[in-house]
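Derivation of every value follows stated rules applied to the coordinates shown; laboratory data play no part. Worth saying up front: this structure is predicted, and the values here are computed from it rather than measured. In this analysis, Cβ positions are derived from the backbone assuming ideal geometry, glycine residues included, and neighbour counts consider all displayed protein chains.
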Amino acid sequence: MRRFLSFAAGVLLLGIPPFALVAQSAAPPQRFTLQQAIDRAQSQGLTALAARATRDAARQRDRSFSAGLLPQLSLSGNVPTFNRSIIPVLQPDGSTDFRPQEQNESSLNMRLTQRIPYLGGDLFVNSQLSRLDRVGTTSSRTWQSTPMLVGIQQNLFRPNALKWDSRAQELQAESAERSYREAMEDVAIQTANAFFDYYTAKLGLENAITNAAVNDTLYTLNNGRFEVGKIGENDLLQSELALLRARVALDGARLEHDRTLAALRLALNLPTGAPLEVIVTPEIPEVSADTAMAVAQALRNRASMVDLELQEVNADRRIAESRFGTGPGATLSASMGFNQTAGEVDAVYRDLLQAQRFSLQVSMPIVQWGGRSANIQAARLDEQRVQHTSRQAREQTAQEAHFAALQLAQSRRSLAIAAKADTVGAKRFEVAKNRYVIGRIGMDNLYQAQSEKDAALQAFLNALRNYWVAYYRLRRVTMYDFAAGTTLR
């Protein structure tokens with residue numbers, strides 16, 4: 001606990017220490033607390049930027065789908081279509097004669113369509129103008145117009161694809177939003193791990209420097225004692241071995257420091273070699289997470305719950321399509337409006353004639369050899385599979401939230417114990433070192449105290465990391481901020 005408070009109160013973690021081989025930058029180091037590091041990673045980190053692009057793409061797809069439900073205006077035409085060929089022509093006496101044909105046809109059509117949400121059909125309004133030019137010995141030009149034609153096309157006894165598409169799109173859009181928020185919490189967990197990897201490596205490096213210096217001093221002291229016959233050669237060799245191990249550990253600590261620093265820079269999307277400091281404050285959130293509330297929030301807020309609902313909707317859709325898609329059905333087409341034809345373009349808009357069309361196309365399967373019933377049965381079995389997997393997924397989500405809440409409470413207790421053990425271990429080693437210098441204890445007791453001090457420090461750092469990771473993991477599995485009492489948005 002002593003180290004934790006001392007480092008929290010003042011300077012922590014130089015980005016590139018003086019002993020590093022990389023040249024120091026003249027720019028002042030950027031300083032980050034854990035929350036500041038997470039905020040930067042969530043706003044500028046590469047993982048967060050990728051997640052934001054995924055969310056924005058989903059939003060654009062949702063906007064595109066919504067735009068498709070609005071009236072659509074289009075313009076199409078043939079300008080021109082030229083045809084020169086020999087075609088069969090029916091003669092008045094019933095015989096067929098082959099005659100050459102040469103004509104040029106042009107048309108322009110404007111169409112306004114609107115999908116009908118509750119019925120799934122299409123309502124349309126057309127306006128068309130066509131011109132036919134006959135070339136040859138009997139050259140002529142004919143115009144034909146349809147100033148307005150209103151119609152509808154509707155499937156009967158068939159699944160409403162528009163209704164199913166709208167429901168699926170709604171769930172997909174909600175899932176994308178929730179997935180983005182969960183991705184931000186994943187970034188928080190990854191950043192917390194990178195942050196404490198570096199913090200642990202920094203304190204480990206400082207501890208390795210201290211151990212190497214202490215063991216070097218002790219080896220010098222033991223050399224003097226050996227020369228005057230106060231200790232044996234075995235004790236001197238043990239002291240030298242401890243010094244060599246300390247130097248090897250120092251080299252490893254330096255490498256780990258540089259590796260974790262580079263990983264933290266990458267997590268924060270900082271330039272390579274950018275000076276960096278991290279600050280660990282003694283405050284930790286006062287969070288009391290009730291397991292029942294954690295489970296309820298997880299089942300309410302997780303993106304996987306929306307994905308399960310989407311799977312259930314798709315299963316219901318497959319059942320509806322297998323029941324009505326291959327059974328008896330019909331297609332209704334009806335239109336009414338005005339049209340006219342004339343040799344001059346002005347005349348085709350005068351004295352308009354009524355244009356009406358009605359069609360009811362019916363389909364009635366007679367023999368399907370059990371194919372329709374097999375499709376229905378397969379769709380129902382798929383629905384059962386989805387129900388079973390959905391139940392399992394919900395149970396797993398509930399268990400994950402339940403134990404995440406318990407893990408946070410356990411991590412808090414472990415942190416308090418580890419902080420106390422770290423303080424005791426450091427104090428014990430200091431006492432053991434002083435007593436060894438004055439010859440009151442043996443070398444074995446000294447090195448045992450040093451090992452226990454190092455283990456206590458590592459245990460404290462692991463407990464500190466575990467608490468913060470458990471805190472952000474609880475947020476991730478429930479998508480709920482227990483400290484603020486609000487759903488994460």
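Details
- Assigned charges on the beta-carbon of Lys, Arg, Asp, Glu; the stretch 203-316 dipole about Cα centre (debye): 420
- Environment charge at Ala449 (Cβ cut-off 15 Å; Lys +1, Arg +1, Asp -1, Glu -1): +1
- The chain: angle of helix 46-68 to the longest principal axis, Cα-based, in degrees nearest 10: 20
- Per-residue extension of 0.36 nm, minus the Cα-Cα distance of Glu170 and Ala50, leaves a gain of 41.0 nm for this segment.
- 37 °C / 0.692 mPa s Stokes-Einstein diffusion coefficient of the stretch 271-383, Kirkwood radius on C-alpha pairs, µm²/s: 146
- Charge dipole (debye, nearest 20) of the stretch 52-95; +1 at Cβ of Lys and Arg, -1 at Cβ of Asp and Glu: 520
- In the stretch 207-305, taking the dipole from charged Cβ atoms about the Cα centre, the farthest positive-side position among Leu218, Leu236, Val248 is held by Val248.
- Based on the Stokes-Einstein relation at 10 °C and a viscosity of 1.306 mPa s, and on the Kirkwood radius from alpha carbon pairs, the stretch 439-489 is assigned a translational diffusion coefficient of 114 µm²/s.
- Near Ala432, once Lys and Arg are set to +1 and Asp and Glu to -1 for all other residues with Cβ below 15 Å from its Cβ, the sum equals +2.
- Separation of the Thr486 and Phe403 label points, Cα + 7 Å toward Cβ, nm: 3.2
- Between Leu221 and Ala262, the simple spin-label model (points 7 angstrom out along Cα→Cβ) gives 3.9 nm.
- Average Cα contact separation per residue, the chain, under 8 Å, 6 or more apart, as relative contact order %: 21
- Relative to the longest principal axis of the Cα atoms of the chain, helix 233-268 runs at roughly 30 degrees.
- In degrees, nearest ten, helix 443-478 long axis to first principal axis of the chain (Cα): 20
- For Phe65 and Asp316, the FRET efficiency from 1/(1 + (r/R0)^6), where r spans their Cβ atoms and R0 equals 22 Å, is about 0.65.
- Cα pair distances of the stretch 388-489 binned at 5 Å [whole percent]: 2, 13, 14, 13, 12, 10, 9, 7, 6, 5, 4, 3, 1, 0, 0
- Computed [θ] at 222 nm, helices only, for the chain once each DSSP H run of length n ≥ 4 contributes -39500 (n - 2.57): -21000 deg cm²/dmol
- Calculated FRET efficiency for the pair Thr138/Ile87, C-beta based, R₀ 25 Å, to 0.05: 0.95
- Highest mean first, the peptides 384-390, 418-424 sorted by other C-beta atoms within 10 Å per residue fall in the order 418-424, 384-390.
- Diffusion of the stretch 118-175 by Stokes-Einstein, at 25 °C in a medium of 0.890 mPa s and with Rh set to the Kirkwood radius over alpha-carbon pairs, works out to 157 µm²/s.
- Distance between modelled label sites at Leu352 and Glu430, nm, 7 Å Cα→Cβ extension: 9.9
- Normalised by 2.2 N^0.38 Å, with N the number of residues, the alpha-carbon radius of gyration of the chain equals 1.72.
- Set against the 2.2 N^0.38 Å expectation for a compact globular protein, the stretch 143-204 has a Cα radius of gyration ratio of 2.60.
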